[in-house]
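A.B. asks: After the structure tokens below, expect a handful of questions from me.
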Amino acid sequence: MKLSRRGLLAGCASLMLAACRRREPPPPAPAQRTIDLFIESDGDFLAFTPDTLMCPSGAVVRLTFHHGGKFLSARHNWVLVRPGQMEAVDKSVEHEEGLVSKDDPRVIAFTPMCDKGASVMIQFTAPGPGDYPFFCSTPGHGECMNGILRVTNDL
């Protein structure tokens with residue numbers, strides 16, 4: 001098959017035009033939802049109020065923890081761990097005076113230790129759907145001072 005010079009030029013021109021056509025930009029990514037959660041120690045008792053929190057998977061969570069104690073001087077924190085890991089993490093930090101390592105793969109997020117009457121805030125991305133335990137890592141507190149972060153599918 002023999003192409004004429006004019007036909008060849010017309011074909012090349014149409015290919016160049018097709019390549020140069022303005023392409024539609026991809027749709028913008030959906031905005032990541034931000035959730036504010038508040039939790040506190042239950043006064044001078046070893047408990048969290050509330051002891052169950054909820055958020056959607058993938059949300060940016062801004063968690064504020066308030067140490068509601070007035071008399072006892074024990075420090076508290078909030079530690080979120082992967083399912084089935086609370087007791088193991090709690091036991092592993094006992095000898096470290098409750099200090100949690102940011103490099104521990106079992107830990108999702110945690111606040112620093114907090115003195116009575118003070119508040120601290122952290123931010124993290126909610127993991128996949130499921131129930132995630134949280135606890136205070138001050139030695140001896142985790143057994144009573146714990147709860148669940150329930151992560152849902154709905155955004």
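No value in this document is a laboratory result; all are computed from the given coordinates. No experiment lies behind these values; they were computed from the predicted model shown. Note that we place each Cβ from the backbone using ideal geometry, even for glycine, and neighbour counts take in every protein chain shown.
A.B. asks: I'm trying to understand the selection: among the residues of the stretch 130-148, which are out of contact with any Pro (no Cβ under 7 Å at 6 or more places or on another chain) and aromatic (F, W, Y)?
C.D. replies: Correct list: F134, F135.
A.B. asks: It is to be established whether one or more residues within the stretch 79-87 are under 15 Å from the mean Cα position of the chain (by Cα), exposed (fewer than 14 other Cβ atoms within 10 Å of the Cβ) and part of a loop (DSSP other than H, G, I, E, B).
C.D. replies: Going residue by residue through the stretch 79-87, those that are under 15 Å from the mean Cα position of the chain (by Cα) are 79-83.
Filter again for exposed (fewer than 14 other Cβ atoms within 10 Å of the Cβ), leaving 83.
From what's left, part of a loop (DSSP other than H, G, I, E, B): 83.
Scanning the stretch 79-87, I find at least one residue that is under 15 Å from the mean Cα position of the chain (by Cα), exposed (fewer than 14 other Cβ atoms within 10 Å of the Cβ) and part of a loop (DSSP other than H, G, I, E, B), so the answer is yes.
A.B. asks: Additional query: Name every residue in the stretch 100-137 that is touching a Leu at 6+ places or on another chain (Cβ under 9 Å) and of a type in the set (S, T, N, Q), in order of residue number.
C.D. replies: Those that are touching a Leu at 6+ places or on another chain (Cβ under 9 Å) and of a type in the set (S, T, N, Q): T111, Q123, S137.
A.B. asks: Additional query: The conditions are (1) in contact with a strand residue (DSSP E or B) (Cβ under 8 Å, 6 or more places away or on another chain); (2) on the phi > 0 side of the Ramachandran plot; (3) surrounded by fewer than 13 Cβ atoms within 10 Å (Cβ to Cβ), and G130 fails exactly one of them. Which is it?
C.D. replies: (3)
A.B. asks: How about the stretch 63-78: which of its residues are under 10 Å from T138 (Cα atoms) and either assigned to a loop (DSSP other than H, G, I, E, B) or aliphatic (A, V, I, L, M) (or both)?
C.D. replies: Applying the first criterion (under 10 Å from T138 (Cα atoms)) to the stretch 63-78 yields 74-78.
Selection gives A74, R75, N77, W78.
A.B. asks: Also, I was wondering about something else. Let me confirm something: among F48, F71, which residue is surrounded by fewer than 17 Cβ atoms within 10 Å (Cβ to Cβ) and either of a type outside the set (A, V, I, L, M) or within 24 Å of Q32 (Cα to Cα) (or both)? Quick ask: steps written out before the conclusion?
C.D. replies: Working: F48 fails: surrounded by fewer than 17 Cβ atoms within 10 Å (Cβ to Cβ).
Exactly one residue qualifies, and that residue is F71.
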